[in-house]
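Reviewing the structure listed below.
All of the numbers you see were taken from the coordinates with simple rules; none came from a lab. Since this is a predicted model, take the numbers as computed values, not measurements. Ideal geometry is used to build each Cβ from the backbone, glycine not excepted, and the neighbour counts take in all protein chains shown.
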Amino acid sequence: MADLDPLVVAIRGERLRRGLSLGELAEWAGLSARTIGSWGAGRHSPTLRELRMVADALGVGLRTWVLTPCGTPGAYNRHRDRGQLCAVCIEAQHKRDRDRKRAVRKVAA
């Protein structure tokens, strides 16, 4: 668990504090358990929309995890180390994840 994204660790901690299973959180958030589980497995990063859905389900403000946009997508690692990300960095990371998956599919095809 030490190499997990601090944002994922924070979400997991909040879920466990409330005594929720992954499936319960997924149901409350309107997401699949597979989606939320994939964050912890490092298969993809949560989108801003997904974070908002999880924050609403847990009854925490989105600002708990998301900073005001810094306008610098390259600041992702700096924010991640503090356990928070700005909206610009979240979307930039999600785009990188998507592009990486597409590249893998092209190689496999």
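Okay, here's what the table says:
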{"item": "Hz values of 3J(HN,Hα) by residue in region 43-59 - Karplus curve (6.51, -1.76, 1.60), Gly and Pro given as x", "result": "6, 7, 9, x, 7, 4, 4, 5, 4, 5, 5, 5, 4, 4, 5, 8, x"}
{"item": "Cβ-based net charge around A57, under 12 Å, with every Lys or Arg adding one and every Asp or Glu removing one", "result": "-2"}
{"item": "Mean Cα-pair separation over length for region 1-44, i.e. relative contact order, pairs under 8 Å, 6 or more apart, %", "result": "37 percent"}
